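What follows is one structure encoded as C-alpha cells, with my remarks underneath.
The values are calculated or read from the model by the stated rules, or taken from the named source; none is laboratory data. Bear in mind the structure is a predicted one, so any value in this text is a computation, not a measurement. A quick note on method: Cβ atoms are made from the backbone with ideal geometry, for glycine too, and the neighbour counts reach across all protein chains shown. These area figures cover heavy atoms from the full protein model, side chains too; ligands, DNA and RNA do not enter into them. Shrake-Rupley method; radii C 1.70, N 1.55, O 1.52, S 1.80 Å.
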Amino acid sequence: MPSLVAAHTRYLLLEQIRVPIGLLASSLFPAVSMVAFVVPFAGQDPVAATTATGSLMFFGAMSAALIGLAISVSQDRELPWNPYLRTLPAGPFPRFAGRMLSTLAVMLVSVVPVIVVAALFTEATITPGRLLLGLGALVAGSVPFMLMGLLIGLLLSSKAAMAVAQVLFFPMAIVGGLLLPPQILPGFVQVVSPYVPTRGAAELIWWAVAGTAPGTVPLVMLAVWTAATAVAAAWAYRRDEGRRFS
C-alpha cells in the first residue's frame with residue numbers, strides 16, 4: 001500500500017510540475033500582497049509583520065488546497081483514466097492519499113515566496129522552532145479546505161468546480177481575517193468571523209508563529225468544519241461511485 005501511495009503521489013506531482021500555473025497562482029498573489037500592503041504599512045512592526053506573514057502563507061496554501069483540489073478532482077472525473085483506476089483492486093485510498101500528499105507539497109512550496117519577502121523586506125522575526133510549528137499549524141488548518149476541494153470536485157464539473165471554489169475562497173479569506181486584521185473588519189463581519197474555518201486556521205497559525213493566544217470558538221469551529229467536510233467528502237465519493245458504476 002505505501003508503494004501505491006508513493007506512485008500516485010509521484011505521478012500527480014509530475015503532472016503539477018508539467019503544468020505549473022496552479023503553483024504560480026497560489027504563490028504569486030500572496031507574495032505580491034506582502035510587497036504591496038505588508039512591507040509599506042506593517043513591515044517595521046515585528047509582531048504585525050510576523051502575523052501578516054502567517055496570514056498570507058495560509059492564503060496561498062488555502063488556494064492550493066481548495067481551488068487546486070476542486071479543479072484537479074473534477075477534471076480527473078471527466079477523463080477515461082479515472083473510471084479505469086476505480087476498477088483496480090487497490091481501492092480509493094492510494095489515489096486519495098496521493099492527491100492529498102501532492103497537494104500538501106504544492107501548499108508548502110507556495111509559502112516560500114512569502115517567507116522570502118518577509119525575511120528580506122520586513123522586521124518579521126521567528127525562531128526555527130516556531131517556523132516548524134507554524135508549518136504544522138498551516139497543514140492542520142488546511143485539512144478542511146482540502147476536504148472541501150474534494151467535495152466540490154466530486155460533485156461538480158470542472159467549469160462549475162472552478163467557479164464555486166473561487167466564489168467560496170475569497171469571501172472566506174476576507175471574513176476569516178487573512179487579508180485584513182479581524183479587529184478592523186466591519187462589525188457584522190466580526191460577528192461571523194469566528195465561525196468560518198479560515199478564522200480558526202488563522203488563529204492557530206498566529207499562535208504558532210507569534211504566540212498570539214487563539215480564541216476558543218474559532219478553534220472549535222475549525223474542528224467542526226473539519227469533521228463536517230470529511231463526512232461530506234466521503235458521501236460525495238460514494239454518491240459519485242454509485243452513479244458511475246451502479
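Quick notes on this one:
- Count - residues of the range 115-155 that are aromatic (Phe, Trp, Tyr) and touching a Leu at 6+ places or on another chain (Cβ under 8 Å): 1
- Complete set of residues in the range 101-114 that are touching a Leu at 6+ places or on another chain (Cβ under 9 Å) and either part of a helix (DSSP H, G or I) or open to solvent by 80 Å² or more (accessible area, probe 1.4 Å) (or both): 101, 102, 103, 105, 106, 107, 108, 109, 110, 113, 114
- Test: residue in the range 42-56 that is hydrophobic (A, V, I, L, M, F, W, C), exposed (fewer than 14 other Cβ atoms within 10 Å of the Cβ) and at pLDDT 85 or above: no
- Residue 239 vs. criteria buried (at least 16 other Cβ atoms within 10 Å of the Cβ) and charged (D, E, K, R): no
- The criterion of at least 3 residues that are open to solvent by 70 Å² or more (accessible area, probe 1.4 Å) is met, among helices (runs of 4 or more DSSP H) falling completely within the range 115-234, by 128-155, 158-175, 187-192.
- When each of 25, 70 is tested for being among the hydrophobic types (A, V, I, L, M, F, W, C), part of a helix (DSSP H, G or I) and modelled with pLDDT of 75 or more, the lone residue that passes is 70.
- Verdict on residue 134 being in contact with a helix residue (DSSP H, G or I) (Cβ under 7 Å, 6 or more places away or on another chain), modelled with pLDDT of 85 or more, over 17 Å from residue 55 (Cα atoms) and of a type outside the set (D, E, K, R): no
- Residue list for the range 193-229, restricted to those being in contact (Cβ under 8 Å) with a residue 40 or more places away in the chain and β-branched (Val, Ile, Thr): 198, 205, 209, 212, 226, 229
- Considering residues of the range 215-226 that are of a type in the set (A, V, I, L, M) and within 16 Å of the chain's Cα centre (by Cα) only, the residue nearest to residue 176 (Cα to Cα): 222
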